[in-house]
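Below is one structure, written out as structure tokens; the observations come after it.
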């Protein structure tokens with residue numbers, strides 16, 4: 001006699017028409033890939049052009065950095081509110097409106113003649129990017145069949161990592177032949193492709209529910225003030241003023257959370273975070289992103305000051321991380337459709353912990369190969385952890401709350417990366433950021449992420465009750 005035994009993460013039964021039919025699914029995947037590439041490339045490509053922009057606009061280096069910070073800060077502030085708005089006006093509409101806003105703002109960047117105008121259009125870019133990124137994971141869930149969700153998220157992870165890795169190279173190539181405004185304009189083809197293919201995106205019915213505008217404002221203020229205040233502190237501004245900004249954000253956040261507990265349709269997805277499997281996944285993702293950003297940002301300082309590497313050699317030494325991630329992430333996503341995310345995440349963090357320790361204990365005179373294979377190993381560990389973790393978050397949410405889960409994933413990623421950048425700045429200010437200390441800090445964070453991942457294997461967390469079984473996955477057969 002045989003019986004179906006589910007060894008993986010549970011889910012509700014799939015919808016009768018699960019995922020988009022072929023060939024429409026391929027067109028929708030193309031729209032999502034082009035849109036994601038547009039937002040990631042044009043969001044990160046400005047870093048390379050900062051010196052040229054500062055020279056042409058006649059502003060200081062410290063002022064021009066605000067082109068990057070205003071973009072990142074606006075993104076973190078708006079992802080969750082826009083995820084809630086997307087549930088109410090429709091995911092497809094939210095995604096395409098976000099893409100159009102981003103495209104128009106990108107064109108306006110081309111005509112910027114002053115820093116204030118450029119900051120305004122960069123903020124507009126962030127508004128469009130937040131609209132698209134807030135619902136992209138939910139659209140992926142509706143595009144792919146449930147048993148291929150991990151594969152879809154793995155492909156999306158590859159697009160994100162490869163676009164982020166390609167942005168500096170593309171920016172450098174454009175600057176070699178054209179003025180800096182063309183750096184922004186070079187991503188327009190991705191926008192046109194995404195908008196052209198966007199008609200194929202799934203168009204689920206919007207939820208007819210009240211949108212809490214005050215709650216959205218409180219959410220944006222909480223993230224903006226806390227993160228902005230922390231960044232101002234590590235950049236040498238008045239500690240008293242910075243503490244006041246963080247305190248104001250924390251106070252608003254306290255009242256915001258209390259308000260959200262009584263809301264049937266919360267902007268902050270407390271209803272999802274009450275599920276232990278999602279809460280553990282969010283904590284694990286947050287610590288993993290801090291760990292990865294801590295290593296990636298501190299390594300150039302260490303290689304330059306401690307080992308005397310040139311800028312080109314530093315870039316070559318770090319390159320194996322994203323290159324390995326591009327290979328491992330889709331494999332991990334594919335495996336997460338068959339193996340528990342808790343197990344894959346635990347394995348991934350064990351690999352990363354070993355690689356981080358090896359990086360901390362580099363020889364006194366390391367060669368390029370000594371660093372490259374360690375970076376590749378570390379990248380493969382994080383690549384094994386993150387796509388299954390995202391699959392569990394998006395797959396464990398009810399279908400009508402998929403946009404909230406997707407917004408949560410993007411918010412955790414950006415908040416973790418911003419926290420990691422702030423942590424590195426603090427370590428550098430203390431004089432310990434260009435040595436082994438960041439690697440050991442990343443090890444501690446990776447251990448915490450691994451423990452959160454393995455904890456999800458407990459039956460009481462994976463499958464708390466038949467009524468709460470959430471995730472649709474094929475079952476494995478066993479005979480008794």
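Fewest Cβ neighbours within 10 Å first, please rank 92, 205 accordingly.
The most exposed by this proxy come first: 205, 92.
Need one number: nm distance between label points at residue 56 and residue 373, each 7 Å from Cα along Cα→Cβ, rounded to one decimal.
Once both label points are built, they end up 4.4 nm from each other.
Could you compute the FRET efficiency for residue 258 and residue 93, with r as their C-beta to C-beta distance and R0 at 35 Å, rounded to 0.05?
0.65
Length gain on complete extension for the stretch residue 304 to residue 319, per 0.36 nm per residue less the alpha carbon to alpha carbon distance?
This chain segment gains 3.8 nm when fully extended.
Modelling each spin label as a point 7 Å along the Cα-to-Cβ direction, I'd like the residue 240/residue 207 distance in nm, to one decimal.
Result for the modelled spin labels: 4.5 nm.
For 321, 373, 334, which order do you get if you count the other beta carbons within 10 Å of each Cβ and list the fewest first?
Placing the least packed residue first, the sequence is 373, 334, 321.
Over what distance in Å are the Cα centres of the range 95-133 and the range 200-244 separated?
Result: 18 Å between the Cα centres.
Can you give me the Cα centroid spacing of the range 245-321 and the range 351-419 in angstrom?
11 Å
Please work out the FRET efficiency for the pair residue 117 and residue 188, using the Cβ-Cβ distance as r and a Förster radius of 22 Å; give the result to the nearest 0.05.
That pair, residue 117 with residue 188, gives E of 0.70.
Full extension from residue 457 to residue 47: what is 0.36 nm times the residue separation minus their Cα-Cα distance, to one decimal in nm?
Taking 0.36 nm per residue and subtracting the Cα distance, the gain is 143.5 nm.
Would you compute, from DSSP H runs of 4+ residues alone, the mean residue ellipticity of the chain at 222 nm, taking -39500 (n - 2.57) per run and dividing by the full residue count, rounded to the nearest 500?
-25000 deg cm²/dmol
Consider the candidate values (1) 13; (2) 23; (3) 33; state which one is percent of Cα pairs over 42 Å apart computed from the structure displayed.
For percent of Cα pairs over 42 Å apart, the calculated option is (1).
For the residue pair residue 357 and residue 107, what label-to-label distance in nm results when each label sits 7 Å from Cα along the Cα-to-beta-carbon direction?
Going by the 7 Å Cα→Cβ label model, 5.6 nm.
None of the figures in this text is laboratory data; all of them are computed from the coordinates on show. Predicted model, so just to flag it, every value in this text is computed and none were measured. Ideal geometry is used to build each Cβ from the backbone, glycine not excepted, and the neighbour counts take in all protein chains shown.
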